[in-house]
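Engineer: This is the structure, below, for whatever I ask next.
The values are calculated or read from the model by the stated rules, or taken from the named source; none is laboratory data. Computed from a predicted model, the values in this text were never measured in an experiment. Cβ sites come from the backbone with ideal geometry, for glycine too, and all protein chains shown count toward neighbours.
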Amino acid sequence: MANTISVNFSNVLSKSTIERLAEADEFEVVREVQEYFADFGPLLPCLFSINHTPTRDRPLYGSSPNVWDSGALERSVQGILAVLLSLKKKPVIRYEKMSGMAKKLANEVQHRIQSESTLFDFRLTVVSPLLIILDRRNDPVTPLLTQWTYQAMVHELLGIQNGRVNLSMVPGIQPELSEITLTTSTDPFFQAHHLATFGDLGTSLKNYVQSYQSRSLAQSPSAINSISDMKRFVEEYPEFRKLGGNVSKHVNLVDELSRLVERDHLLEVGEIEQGLATSSGCDFKTVQSLVTNNAVSPWSKLRIVVLYALRYQKTQTSNIASLINLLLVNGVSKEEARLVYVFLNIAGSDQRQDDLFSTESLLAKGKSALKGLKGVENVYTQHTPHLSQTLDNLLKGRLKESSYPFLEGGGTNLGLQRPQDVIIFMIGGATYEEARTVALLNQEASNTGTQILLGGTCVHNSSSYVEMIRAAAQNFSPSVYEPPPESVPTAPSLNLNLGGVNVSLGGPAGTGVYRSSSDNMGVQAEGIKDGVRSLFDRVKQGVDKIGLS
């Protein structure tokens, strides 16, 4: 029919919205109205975002860290409903007990599901799908860290926005590469290597370039000797040209990552970060030395001190105050330095449900930490997100209902069932490091049929995460900028020396595994750093030698 239109919506339409649309359609031109449930951004097969990166103008929090901004709550409800409807899932819901925001969101989602019972009338399964709502405040460490795997590293150092990366600020970049597309669905090399560590990436990129160069020789004029050769060239040239563009893209991208790592001294920064985030530990003098190093950026100094404060909040309060004062005389502004206490008040030990640095938690991650002493690569990838431990407990039926309760009316004995479909929603933003954890878990669980999907209000890098906290604090009580109440630990301490490695459990020194200060261990640590520097040098040299037209 001429002069008619179809109106498509990306989410659930309320009855009142349809009535308003009908009233406005004075000339009766609307032929049909469709709901497509696409009100979210699918970033990876295991990751989605509702594209709400909180700022001062678009806040996540209300008047406190436990209160939603009303607009942000509605946006999160709409995004989760769109995901559930697109997947045809009607889940039971669990949430982090420590988070008033998680409980509020869980109740709102369940209320909407019940209100839209016709839309959620899906075929019942033996084990119901599970939606777990988590709060970023329970793990403030993961989004603060420098990243060392390809996709996460690009997002941390350059930023990925809707599958695009802006390279216009890169020195000497070609105009056609000033903005590039970087998605697993359109880029075979990125699909194969987006989870790879940066060291492995160097080898893979070298092989990719060599493959292109060998194909380039096959396409040269001297290789075209017959009509069939000409036909093959014409048929393969578009694909060959596309391959050349993709090779050039990744070579320039890896070269820029290498340049930024060298410029910002991220090898030194990253080793200290990993120590603070894992059982390796990091002493006060090491952090002092980094803060006073003029070659390290103020941004890295701030993140290191925040990590130190989060780890040693209850045991080294005077050291934390000393480090904040040290920041102020080493290039960090007062407005930035006071964020250290903001983090402790918003996501410190008294606010978190799980102690990221407890004896039990660190020993649970011990395998990763001990592997880190054995090889170059693991020194920078020791950390595993807290989400990994949560999911491990869930899949083994050990996730405590006292800490992660079901909503009332969810059923009986649900905690004993092994879920097949798990959807996680992270209030306050997920990370690509957590998405990598989920992707690897999905690979391991592929033979059991378990499928995990991670989502969040956004996907953070350290810059967007700190900006979210900064913007939120402006709406909170002024006391958020003051030191949190101190508490003296009463747990007994245990200190052991195991072959050059000091193990400390509890007590005022905090829990951790520390390298001894012997000369031999110092040489070993320097050898590890030298090995990684050599690795980055080889990647950079390989990139420099590649001459792509």
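Engineer: Kindly indicate which of D25, D57, D69 is modelled with pLDDT of 85 or more, loosely packed, with under 15 Cβ neighbours inside 10 Å, more than 20 Å from the chain's Cα centre (by Cα) and outside the structural domain of D350 (by the TED database). Lay out the reasoning, then the answer.
Structural biologist: On the way: D25 fails: modelled with pLDDT of 85 or more; D69 fails: loosely packed, with under 15 Cβ neighbours inside 10 Å.
So the residue among D25, D57, D69 that is modelled with pLDDT of 85 or more, loosely packed, with under 15 Cβ neighbours inside 10 Å, more than 20 Å from the chain's Cα centre (by Cα) and outside the structural domain of D350 (by the TED database) is D57.
Engineer: Of the residues that sit in the stretch 391-431 and are among the hydroxyl-bearing types (S, T, Y) and over 20 Å from S76 (Cβ atoms), which one is modelled with the lowest pLDDT?
Structural biologist: T412
Engineer: Return the only residue of K206, K242 being assigned to a helix (DSSP H, G or I), within 27 Å of L182 (Cα to Cα), in contact with a helix residue (DSSP H, G or I) (Cβ under 8 Å, 6 or more places away or on another chain) and modelled with pLDDT of 60 or more.
Structural biologist: Within the list K206, K242, the selection yields K206.
Engineer: While we're looking at this one, here's another question. Please list, ordered by residue number, the strands (runs of 3 or more DSSP E) wholly in the stretch 120-203 having 1 or more residues that are within 29 Å of V247 (Cα to Cα).
Structural biologist: In the stretch 120-203, the matching strands (runs of 3 or more DSSP E) lie at 164-166, 179-181.
Engineer: Looking at N162, N166, can you tell me which residue is assigned by the TED database to the domain that holds V254, loosely packed, with under 14 Cβ neighbours inside 10 Å, free of Cβ contacts under 8 Å to residues at least 40 places away in the same chain and under 30 Å from E262 (Cβ atoms)?
Structural biologist: N166
Engineer: For the stretch 454-490, which residues satisfy the criterion of being at pLDDT 95 or above, assigned to a loop (DSSP other than H, G, I, E, B) and hydrophobic (A, V, I, L, M, F, W, C)?
Structural biologist: Listed by number, the residues that qualify are C458, F476.
Yes or no, residue by residue, for (1) surrounded by fewer than 18 Cβ atoms within 10 Å (Cβ to Cβ); (2) in the same structural domain as Q191 (by the TED database); (3) within 30 Å of I173 (Cα to Cα):
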{"site": "V254", "(1), (2), (3)": "no, yes, yes"}
{"site": "L257", "(1), (2), (3)": "no, yes, yes"}
{"site": "V287", "(1), (2), (3)": "no, no, no"}
{"site": "L290", "(1), (2), (3)": "no, no, no"}
{"site": "S300", "(1), (2), (3)": "no, no, yes"}
{"site": "Y308", "(1), (2), (3)": "no, no, no"}
{"site": "E335", "(1), (2), (3)": "yes, no, no"}
{"site": "G348", "(1), (2), (3)": "no, no, no"}
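Engineer: Filter the stretch 169-203 down to residues that are out of contact with any Ser or Thr (no Cβ under 8 Å at 6 or more places or on another chain), at pLDDT 90 or above, buried (at least 17 other Cβ atoms within 10 Å of the Cβ) and small (G, A, S), then give me how many there are.
Structural biologist: Residues meeting the conditions: 0.
Engineer: What single numbered condition from (1) outside any helix (DSSP H, G or I); (2) of a type outside the set (K, R); (3) over 23 Å from the mean Cα position of the chain (by Cα); (4) at pLDDT 90 or above fails to hold for L373?
Structural biologist: With (1) outside any helix (DSSP H, G or I); (2) of a type outside the set (K, R); (3) over 23 Å from the mean Cα position of the chain (by Cα); (4) at pLDDT 90 or above applied to L373, the lone miss is (4).
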